[in-house]
Amino acid sequence: MAHSLVIVESPAKAKTIGKFLGKKYKVKASIGHIRDLPKSKMGIDIENNYKPNYITIRGKGKVIKELKEEAKKADKIYLATDPDREGEAISWHLANILSIDENKNCRIEFNEITSKAIKKAINNPRPIKKTLVDAQQARRILDRLVGYSISPILWRKVKKGLSAGRVQSVATKLICDREREINNFVPKEYWTIEVALCDESKTKEFEALFYGTDKQKIEINSKEEVDLIIDEIKNNTFVISNVTKKLKSRKPYHPFTTSSLQQEASNKFGFSTKKTMMIAQQLYEGIDIADGGTVGLITYIRTDSTRISEDFKKEAEEYIVEKYSKKYLPKYTRKVTNKKDAQDAHEAIRPTSVYRTPDSIRDSLSKDQYNLYKLIWERFVASQMADSTYYSYSIEIKNGKYVFKAKGIEQVFDGFLKVYSYAQINENILPKVEKDEILTCKDINPKQHFTQPPPRYTEATLVKEMEDKGIGRPSTYAPTISTILSRGYVVRDGKNLKPTDLGFLVNDILEKYFSDIVDVDFTADLEEKLDKVELGQISWIKLIDDFYKPFSKILSKAEKEIEKVDLTEKTDEICEKCGSPLVIKHGRFGKFLACSNYPDCNFTKSILIKTGVKCPICGGDIIVRKTKKGRTFYGCSNYPDCKFMTWEQPIDKRCPKCQSILVVKSTKNKKTARCLNKDCDFKEDL
């Protein structure tokens, strides 16, 4: 019986789509790319207009054979890879291998994996868009020219296993630059004065902060200045000089783009960018829902657009009226405000049905899937709802020549906050007071502060920085961060990303000899040119040629001028095997101790970072250790004989209650020492 063949990338997607199309269609998966540039060599014919030498990816022979056999039986073939540049390129490679005319209507695309979307796509096939393929091909060739040209220099001059990349090197530079800012930061002292006030009847109590005078705000920079101000205000009366009340509104957040989803999932759940994309991919490709079959729960996950289709806006509007009433609809039509360099090829990330609420399908999802789906669903529904409104209160209190201020809000209408449970609401309610009312001061609380250096990047803030600066595109954020972590240029320090000595070294070399490669503006400009290739405005060959000709001259100079770097460090330790001095070397998993008499002696051992705290079980040293995923924990140096471990950093101080070990518990605002003994409730602020 004649049938049509539909080719997608993943088996999960094939399974979902197969259920929608029925017996007249056979759905097969290519399991990702089937052709790529060779790993063993550059694979670019520079003398022949940068022609790429594509080869079949090792291990894909069986998949290709099956696809060819199915293609021979089919009366029609549809290429249904992802709706982006990379998906278009995979379809182009499939068309080449299966002898499909790329100019015929063989390509279908859809933004969501639902029955309606798939059937609509089948009825509207199109030719392969060669400009999309060219843009992807140009990116791949650019990355290959950079990586396969600079990396061998790093191998010869520094150590094997290093790599340089067009986007990864810029990301590493951002992290290194931030670390230098932190190291060079000089903190400055400043003070605040908080007063606790109440009316004469003591029924109205609130706190106010020192502002300055009627004429200007005053910065307090020393204890002496604080004491002078306190001496003055003690002898004067606090009188309310002004009370203002304004009605304000808070707009809902836009629905998610790839970047904003990665940031919010990191902030709310601690997900890495890689984990967020993995779970989002599962939700996109299809989940088996009880009584509903397998269906894609969200739209395509690689997008920089906040646009929503008119049909889905209407569905959301109907749901909001039905569930919450008409007053929760916005009073005006909101304009889509994408970033200026957004490609806007797809809608924002949204649920495929607004009626498929998170709680209605909770039993069909894992905990992580539920959390991410709930975040996406709530964010989208909230984006289609009315503004939240509130009164903003401001009270000015005079004391002699000085002014204190208190601010608060009172919610009037919850609007989109009715749905979006993840929004932060700082609601400080002030009592109703009148102008000229006299207040009593219950307490004066001066506090010393120091200005803080800029924080280290987290995965979330690095993604935001890359997006803001135009470095990479939605599909590249997660792979870029994974690469710089796996290369050892950056390590995780809790949620933060911290450059290693190796990261600094490689970054310094690239900054000195390949300044354009790590230049933010240069990289962003290349991204814009790739967008122009996609739009058919410039040739991909011209883009590569304009880049490579000056780049090749820099390569020759760097090869001659970069000196060999010796990464080994001397130590006072002696080899337990042959008595030779031990040196510190760099390996795939970081630094380690090795015998200086190598290769005659192959003795190695780990570098132990001692905390200065003794193990409560055996008395051994508690040392810093790492999990396979790079997470820090603290364990006994006598492992495996002693299994003591803790995730929190121990301190060299015993619990005054039970003499157990104290560990540090850190939050955004403070550090607390708490007892490791679960039966002891001792804790104190550090």
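The values are calculated or read from the model by the stated rules, or taken from the named source; none is laboratory data. It should be emphasised that the depicted structure is a prediction, and the values quoted were computed from it without experimental measurement. Using ideal geometry, Cβ is built from the backbone for each residue, glycine included, and neighbour counts are taken over all protein chains shown. Just so you know, the surface numbers come from the protein's heavy atoms only, side chains and all, with ligands and any DNA or RNA stripped out. Shrake-Rupley method; radii C 1.70, N 1.55, O 1.52, S 1.80 Å.
Just a few scattered comments:
- Arg350 open to solvent by less than 20 Å² (accessible area, probe 1.4 Å), within 28 Å of Lys314 (Cβ to Cβ), at pLDDT 95 or above and touching a strand residue (DSSP E or B) at 6+ places or on another chain (Cβ under 6 Å): yes
- Per the listing Asn96, Asn103, Asn111, Asn124, the residue uniquely among the polar types (S, T, N, Q), in contact with a Ser or Thr (Cβ under 7 Å, 6 or more places away or on another chain) and farther than 30 Å from Leu510 by Cα is Asn111.
- Hey, Gly579 under 40 Å from the mean Cα position of the chain (by Cα) and open to solvent by less than 60 Å² (accessible area, probe 1.4 Å) or not: no
- Scanning region 1-40 for residues that are open to solvent by 20 Å² or more (accessible area, probe 1.4 Å), of a type in the set (Lys, Arg) and in contact (Cβ under 8 Å) with a residue 60 or more places away in the chain gives Lys15, Lys19, Arg35.
- For region 459-515, taking the residues that are at pLDDT below 90 and of a type in the set (D, E, K, R), the one that is farthest from Ser305 (Cα to Cα) is identified as Asp501.
- Flag if Ser596 is more than 37 Å from the chain's Cα centre (by Cα), open to solvent by 40 Å² or more (accessible area, probe 1.4 Å) and either within 30 Å of Ser660 (Cβ to Cβ) or modelled with pLDDT of 90 or more (or both): yes
- In the set (1) open to solvent by 40 Å² or more (accessible area, probe 1.4 Å); (2) farther than 21 Å from Val506 by Cβ; (3) part of a strand (DSSP E or B), the condition left unmet by Cys618 is number (3).
- Residue in region 486-500 that is assigned to a loop (DSSP other than H, G, I, E, B), touching a Phe, Trp or Tyr at 6+ places or on another chain (Cβ under 7 Å) and among the charged types (D, E, K, R) present: no
- Criterion violated by Tyr332 - all others in (1) among the aromatic types (Phe, Trp, Tyr); (2) over 21 Å from the mean Cα position of the chain (by Cα); (3) at pLDDT 95 or above satisfied: (3)
- Any pair with Cβ under 6 angstrom, 6 or more apart, that starts in region 263-290 at a residue that is modelled with pLDDT of 95 or more and ends at one that is hydroxyl-bearing (Ser, Thr, Tyr) and open to solvent by 60 Å² or more (accessible area, probe 1.4 Å): none
- The number of residues in region 256-304 being crowded, with 20+ Cβ neighbours inside 10 Å, hydrophobic (A, V, I, L, M, F, W, C) and in a strand (DSSP E or B) comes to 4.
- Residue within region 316-328 that is over 27 Å from Thr114 (Cα atoms), without any contact (Cβ under 8 Å) to a residue 12 or more places away in the chain and either open to solvent by 70 Å² or more (accessible area, probe 1.4 Å) or of a type outside the set (S, T, N, Q) (or both) present: yes
- Looking only at region 582-593, and only at residues there that are open to solvent by 40 Å² or more (accessible area, probe 1.4 Å) and either assigned to a loop (DSSP other than H, G, I, E, B) or of a type in the set (A, V, I, L, M, F, W, C) (or both), the one that is farthest from Leu502 (Cα to Cα): Phe592
- Matching residues in region 505-539 - criterion: being part of a helix (DSSP H, G or I), open to solvent by 40 Å² or more (accessible area, probe 1.4 Å), among the hydrophobic types (A, V, I, L, M, F, W, C) and touching a helix residue (DSSP H, G or I) at 6+ places or on another chain (Cβ under 7 Å): none
- Lys549 satisfies every condition listed in (1) loosely packed, with under 13 Cβ neighbours inside 10 Å; (2) within 20 Å of Leu154 (Cβ to Cβ); (3) modelled with pLDDT of 90 or more except (2).
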